[in-house]
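Undergrad: Below is one structure. I have some questions about it.
The values are calculated or read from the model by the stated rules, or taken from the named source; none is laboratory data. Everything numeric here is computed off the predicted structure, so don't read it as measured data. Don't worry about glycine lacking a Cβ; one is built from the backbone with ideal geometry, like all the others, and counts go over all protein chains shown. These accessible areas exclude ligands, DNA and RNA; they are computed on the full protein's heavy atoms, side chains included. Shrake-Rupley method; radii C 1.70, N 1.55, O 1.52, S 1.80 Å.
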Amino acid sequence: MEFSIKAAAPEKLKTDCVAVAVFASAKLSPAALALDRASKGRISGILKRGDFDAKPGSTLMLYDLAGVMSKRVLLVGFGAQNETAAKELRDGVRGAVRAMADVGISEAAFYVADIAVKDREAKWVTMQAAMTSLENSYRFDRLMSKSRGQRKNLKRIVFGLLRESKVLGAALERGIAIGEGVNFARDLGNLPPNICTPAYLAEQARVLGKAHKLKVTVLERKDMEKLGMGSLLSVSDGSRQPPKLITIEYYGGPKKQKPVVLVGKGVTFDTGGISLKPAAEMDEMKYDMSGAGSVLGTLSAVAAMKLPLNVIGVIPATENMPGGNATRPGDIVTSMSGQTIEILNTDAEGRLILCDALTYSERFEPAAVIDIATLTGACVIALGHVASGLFANDDQLANEVIAAGQTSWDRVWHMPAWEDYQEQLKSNFADMANIGGRPGGSITAACFLARFARKFKWAHLDIAGTAWKSGREKGSTGRPVPLLTQFLMTRAGW
Ligand code: BES
Ligand code: MN
Ligand code: ZN
């Protein structure tokens, strides 16, 4: 989808469709008011009949309005005036994009910057509108034969402005960068595990690196053996797919500035290993590389917007498969940090690859490390599909992440990672066990990781509930790319 921004009177724009906001009780946005005046009160006349309640996301298509140059006018509901907040804005934009796609329109003008959203500026509204438009025109149909795939889609959106603005152009660019980063992450998540292998993730990192001149390094099994990554490699033992440790380095900030390191879980398929998962919905474990996908999506957004900050992505990528050479429950492995781990459940593999990736991150002397992982089913039980779980060893860093979640509307909830929980990870035979029992499952997983994050400020995002949707709308969400990108933007002073 292509976007542009243009100052013009809505009645004078000539396009397939002009979309404007309306609110409950027949209240009009400034752009809707302009169309109403040009059409001598047609819009207010229609609204007076009371057929349209302006619920967020509801739409009404009107045709051939006298005095209006475009063939169609789309009224888009955004709820009660002065009550429109982030959710209503996103619902409204989604409704508009869907309504236009449904009638097969290819080009539209959409007046969003004049919508008053609670506690948000026009810059934010423009950025969110671009992100939400991209999100809702996303299709993953590349693996369908022609007859099923390739539905008609909106090709161009002009964000209409009632008056010139210099800052909104930049906001639009940023929204596009984030939306495309989100959709890149979704593609990676949605690809089947026979295509999206560790080698495929490494290849995608290289493609990204080429496009933006980033340094990309891929370590192979023998390199990781030399580094002593016994924990990471134990997860790969049952798989025919060679593991990869992918590093992508983006230097947009001053040379001496310490980087933010993003570590993404890249399990391209999680069968559970010898501690095999049940059959139902096991296909969804192709999304177990969503942390890795979010790191790639965020780096793509950051590079596209040329953010003045240093950011490094580290992705441990592997499959978790059963097999004659697979790790057994009871095996004890030595991590790169030297700490030994008794693997009591081979399905708790995320922490086993992340711990070595965290230790590896020390070499970048990070300002902060954030790891992102579809780590525990327990987190889905705790927080559902709305908030990602946030754990941190530094409250200021945690607060930064919380704020970025509020701004981007890709929200997190702060969970405890107190020392008191460490007890559950005791092992009779090694420094620690890799599981802590049922109580507080997402917390003990975070506490396991904390043991490998003692040398830097660290936050952990458990995205098991937020990275994808099940059921009818099954698919990757691309979260938390908006959150991570906003976090980095704020750090860069944007
Ligand atoms: N990838 C899963 C976590 C997961 C499960 C994400 C369900 C989304 C939905 C992870 O590797 C896993 O299997 N975790 C186990 C840990 C347990 C064995 C301590 C879990 O959550 O059941
Ligand atoms: Mn698992
Ligand atoms: Zn997993």
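Undergrad: Residues 345, 310: which one is open to solvent by 10 Å² or more (accessible area, probe 1.4 Å) and among the polar types (S, T, N, Q)?
TA: Matching residue, one of 345, 310: 345.
Undergrad: Hey, another quick one. For residue 66, are the conditions met, namely being in contact with a Lys or Arg (Cβ under 9 Å, 6 or more places away or on another chain) and surrounded by 15 or more Cβ atoms within 10 Å (Cβ to Cβ)?
TA: no
Undergrad: Another question, then. Is it true that some residue in the range 381-388 is away from ligand 1 (no atom under 13 Å from the Cβ), closer than 30 Å to residue 123 by Cβ and under 22 Å from the mean Cα position of the chain (by Cα)?
TA: yes
Undergrad: May I ask you to list the residues in the range 79-115 that are over 27 Å from the mean Cα position of the chain (by Cα) and either buried (at least 21 other Cβ atoms within 10 Å of the Cβ) or part of a helix (DSSP H, G or I) (or both)?
TA: Within the range 79-115, just 105 meets the criteria.
Undergrad: Which ones in the range 125-157 are touching a residue at least 60 places away in the same chain (Cβ under 8 Å), in a loop (DSSP other than H, G, I, E, B) and within 13 Å of residue 183 (Cβ to Cβ)?
TA: Residues satisfying the conditions are 137, 140, 153.
Undergrad: I'm trying to understand the selection: among the residues of the range 413-450, which are part of a strand (DSSP E or B) and open to solvent by less than 30 Å² (accessible area, probe 1.4 Å)?
TA: Passing the criteria: 432, 433.
Undergrad: Being farther than 15 Å from residue 371 by Cα, touching a strand residue (DSSP E or B) at 6+ places or on another chain (Cβ under 8 Å) and open to solvent by 60 Å² or more (accessible area, probe 1.4 Å) is the filter here, so list the residues in the range 383-412 that pass it.
TA: 385, 411
Undergrad: Working only within the range 317-331, note down all residues that are within 20 Å of residue 195 (Cα to Cα) and open to solvent by less than 40 Å² (accessible area, probe 1.4 Å).
TA: 317, 318, 319, 320 - these are the residues of the range 317-331 that are within 20 Å of residue 195 (Cα to Cα) and open to solvent by less than 40 Å² (accessible area, probe 1.4 Å).
Undergrad: While we're looking at this one, here's another question. For residues that are assigned to a helix (DSSP H, G or I) and away from ligand 2 (no atom under 13 Å from the Cβ), scanning just the range 235-288, find the one that is least open to solvent (accessible area, probe 1.4 Å).
TA: 236
Undergrad: Which numbered condition in (1) in a loop (DSSP other than H, G, I, E, B); (2) out of contact with any Lys or Arg (no Cβ under 7 Å at 6 or more places or on another chain); (3) within 13 Å of ligand 3 (Cβ to nearest atom); (4) not hydroxyl-bearing (Ser, Thr, Tyr) is the only one that residue 347 fails?
TA: Going through the list (1) in a loop (DSSP other than H, G, I, E, B); (2) out of contact with any Lys or Arg (no Cβ under 7 Å at 6 or more places or on another chain); (3) within 13 Å of ligand 3 (Cβ to nearest atom); (4) not hydroxyl-bearing (Ser, Thr, Tyr), residue 347 breaks only (2).
Undergrad: Would you say residue 191 is surrounded by 18 or more Cβ atoms within 10 Å (Cβ to Cβ), at pLDDT 95 or above, of a type in the set (A, V, I, L, M, F, W, C) and within 16 Å of ligand 1 (Cβ to nearest atom)?
TA: Here the answer is no, as residue 191 does not meet what is asked.
Undergrad: Which numbered condition in (1) touching a helix residue (DSSP H, G or I) at 6+ places or on another chain (Cβ under 9 Å); (2) acidic (Asp, Glu); (3) under 19 Å from residue 413 (Cα atoms) is the only one that residue 331 fails?
TA: Every condition holds for residue 331 apart from (3).
Undergrad: A follow-up question, please. Condition first: charged (D, E, K, R) and either outside the structural domain of residue 337 (by TED's automatic domain parsing) or within 16 Å of ligand 3 (Cβ to nearest atom) (or both). Now tell me which residues in the range 433-475 satisfy that.
TA: Residue satisfying the conditions is 462 alone.
Undergrad: Related question: Identify all residues within the range 221-235 that are more than 26 Å from the chain's Cα centre (by Cα) and within 26 Å of residue 448 (Cβ to Cβ); write none if there are none.
TA: Result: 221, 223, 224, 225, 226, 227, 228, 229, 230, 231, 233, 234.
Undergrad: If you don't mind, there's one more thing I want to ask. Of all residues in the range 393-413, count the ones that are over 22 Å from residue 178 (Cβ atoms) and among the charged types (D, E, K, R).
TA: Total meeting the criteria: 2.
Undergrad: Then there's this: In the range 297-307, is there at least one residue being within 16 Å of ligand 2 (Cβ to nearest atom), touching a residue at least 60 places away in the same chain (Cβ under 8 Å) and assigned to a helix (DSSP H, G or I)?
TA: Checking the range 297-307: not a single residue is within 16 Å of ligand 2 (Cβ to nearest atom), touching a residue at least 60 places away in the same chain (Cβ under 8 Å) and assigned to a helix (DSSP H, G or I).
Undergrad: Name the single residue that is farthest from ligand 1 (Cβ to nearest atom) among those in the range 349-370 being open to solvent by 10 Å² or more (accessible area, probe 1.4 Å) and among the hydrophobic types (A, V, I, L, M, F, W, C).
TA: If we take residues in the range 349-370 being open to solvent by 10 Å² or more (accessible area, probe 1.4 Å) and among the hydrophobic types (A, V, I, L, M, F, W, C), then 367 is farthest from ligand 1 (Cβ to nearest atom).
Undergrad: Find the residue count for the range 163-188, including only residues that are surrounded by 20 or more Cβ atoms within 10 Å (Cβ to Cβ) and over 20 Å from the mean Cα position of the chain (by Cα).
TA: 1
Undergrad: Is it the case that residue 107 is closer than 15 Å to residue 58 by Cα, of a type in the set (D, E, K, R) and at pLDDT 95 or above?
TA: Spelling it out, it is not the case that residue 107 is closer than 15 Å to residue 58 by Cα, of a type in the set (D, E, K, R) and at pLDDT 95 or above.
Undergrad: Looking at this structure, is residue 300 among the small types (Gly, Ala, Ser), in the same structural domain as residue 315 (by TED's automatic domain parsing) and within 24 Å of residue 341 (Cα to Cα)?
TA: Taking the combined requirement at face value, the residue does not satisfy it.
Undergrad: Only one residue in 353, 402, 372 is at pLDDT 95 or above, within 16 Å of ligand 3 (Cβ to nearest atom) and either touching a His at 6+ places or on another chain (Cβ under 6 Å) or outside any strand (DSSP E or B) (or both), so which one is that?
TA: From the options 353, 402, 372, the qualifying one is 353.
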